[in-house]
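Visitor: This is the structure I want to talk about, given as structure tokens.
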Amino acid sequence: MARLQRRYICSECGHESPQWMGKCPECEAWDTLQEEVTAREKPPSARRNSPAGKSIVAASAVPRAITEVAGEEMPRRSTGIVEFDRVLGGGIVSGSILLIGGDPGIGKSTLLTQAAYSIAVQQEEPATVLYLSGEESAHQVALRANRLGAGASRFLVGAETDVSAALQHMQHMQPSLVIIDSIQTLYDPELESAPGSVSQVRGCAAQLARFAKESGVPVALIGHVTKEGSLAGPRVLEHLVDAVLTFEGDRQHSYRILRAVKNRFGSTDELAIFEMGEHGLTVVENPSAALLAGRPREGNGSAVTALMEGSRALLVEVQGLSSRSHLASPRRVVNGMDPNRVNMLLAVLEKRLGLKLAEQDVFVNVVGGMRIAEPAADLGVALSVVSSFREQAIEPSTLLTGEVGLSGELRAVGHLEKRLNEAVRMGFTQAVIPRRSGKKPERVTGLKIVEAETLLDAMRASLLPAARISGS
Ligand code: TYD
Ligand code: MG
């Protein structure tokens, strides 16, 4: 008979505690510990002999020379969507389990329906895909597939919320890929906690992972991001799966960004940009052009910088707005990058350029739902605010790249040549780069390169006189 176990699990970080606490000792979040009562799991010794212990890479358990192992290719299957494959590191690895997370309504079901279809109708090797939905009825899934023109006889759909029934279908149908939409709707009746709770989500995902490893059939889990922004409720799923992809974007805008935040079989800095349209998602072939579309060419507060996303450079627009504040402590609102970095840049602007920002509300927005994680964008961010503050536009065909130091000096950035080439490709005519970049890139043609030592130099080289705007 199973013994009952009572424990408390943090819904933010998955920390387990035998007693309730107001504050999670791990992630320090308040009021996140939730009671879970479960049947006690089998002790590890009983589990050791079960096939669950097998892992994909350990198909042959005998240790071998590392050089021999390294040469082996992971068997992968293409999703039929080139960009999706690229984010995965070249397709879905056999026996792997991946989690695709995102806000409700962002297009997760759509993306996987499209992938399921293209796998089911692949020319060389059409395969059966099993799509199990606990969110919607089979009919609703089929309606979506119809809208997407994604009907195929090898595309099987079922509505299922019981994990053991789901596993039975999976064993019986022998698909080449299983899609679970979503992991939060699955439950294991043997666990006593409520569907969607931490231990249910984790327990079901563990059983599916075991199935994947044993059968070699990859399983894709869809997970909702909670209000707090963590994947599938708690982050507890992240260590259970081989890859975590996030599907992000602004529901108001049509762009969707797919990126890997964890990938045991590939890099985590590739990303793909899709556009949601009438008939589903299409790949955005020229992300820079898409991200810069609609940019005001005359207005102030708009700067263009280049971000490295994986192996590619992308041009993005950063918008800064500074306006007189009526609050005792003016607002700093940042969208798409670390607010602390923005605060640092504002302090540098105040101290080194003498900008009186103390009485200004400052807003910084990275356009198109992109996120800045590189200091190389500092110059663009800083000058977007300067441009708004001084009501002087930045010369619209100028790319700004450089890290800003605390003395207002510009510091070198990596992959300069790639960034500049992307600017040339997008028809930019000038680039302001840090003087300390070492060797000036030679192969960039058609671009006037201004080497700036400080923020002030960069500002002089890129801001247009105020008169030009008022005259426009
Ligand atoms: P969906 O894939 O159901 O989102 P998720 O599974 O992440 O919750 O897609 C939701 C939105 O996408 C919905 O508002 C309708 C829209 N949509 C389109 O614009 N075009 C399409 O072809 C489809 C299928 C959906
Ligand atoms: Mg959905």
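Visitor: Pairs under 6 Å by beta carbon, first residue at positive phi in the stretch 84-105, partner part of a loop (DSSP other than H, G, I, E, B) and within 16 Å of ligand 2 (Cβ to nearest atom), six or more apart or different chains?
Guide: Gly105/Arg251
Visitor: Right, next: What are the pairs with Cβ atoms under 6 angstrom where one residue, in the stretch 1-21, is buried (at least 18 other Cβ atoms within 10 Å of the Cβ) and part of a loop (DSSP other than H, G, I, E, B) and the other, located anywhere, is at pLDDT below 80 and aliphatic (A, V, I, L, M)? Sequence gap at least six, or different chains.
Guide: Cβ pairs passing all conditions: Gly14/Val236.
Visitor: Quick check on the stretch 100-121. Is at least one of its residues at pLDDT below 95, assigned to a strand (DSSP E or B) and either surrounded by fewer than 23 Cβ atoms within 10 Å (Cβ to Cβ) or of a type outside the set (A, V, I, L, M, F, W, C) (or both)?
Guide: Yes, the stretch 100-121 has at least one match.
Visitor: Could you give every pair whose Cβ atoms fall below 7 Å, whose first residue belongs to the stretch 250-265 and is in the same structural domain as Met276 (by TED's automatic domain parsing) and assigned to a loop (DSSP other than H, G, I, E, B), and whose second residue is crowded, with 20+ Cβ neighbours inside 10 Å and at pLDDT 90 or above, counting only separations of at least 6 or pairs across chains?
Guide: Arg251/Ile106; Arg264/Asp242; Arg264/Ala243; Phe265/Val93; Phe265/Ser96; Phe265/Asp242; Phe265/Ala243
Visitor: Hey, could you check the stretch 127-142 for residues that are free of Cβ contacts under 8 Å to residues at least 40 places away in the same chain and surrounded by 15 or more Cβ atoms within 10 Å (Cβ to Cβ) and say which is farthest from ligand 1 (Cβ to nearest atom)?
Guide: Taking the candidates together, the pick is Ala138.
Visitor: Let me ask another. Looking only at the stretch 158-200, how many residues end up being at positive phi and more than 16 Å from ligand 2 (Cβ to nearest atom)?
Guide: 1
Visitor: Within the stretch 163-180, track down each residue that is under 16 Å from Leu221 (Cβ atoms) and not in a loop (DSSP other than H, G, I, E, B).
Guide: Val163, Ala166, Leu167, His169, Met170, Leu177, Val178, Ile179, Ile180
Visitor: A further question follows. Looking at (1) within 16 Å of ligand 2 (Cβ to nearest atom); (2) out of contact with any strand residue (DSSP E or B) (no Cβ under 8 Å at 6 or more places or on another chain), which is the only condition Leu148 fails?
Guide: (2)
The values are calculated or read from the model by the stated rules, or taken from the named source; none is laboratory data. Not measured: the values here are computed from a predicted model. Cβ sites come from the backbone with ideal geometry, for glycine too, and all protein chains shown count toward neighbours.
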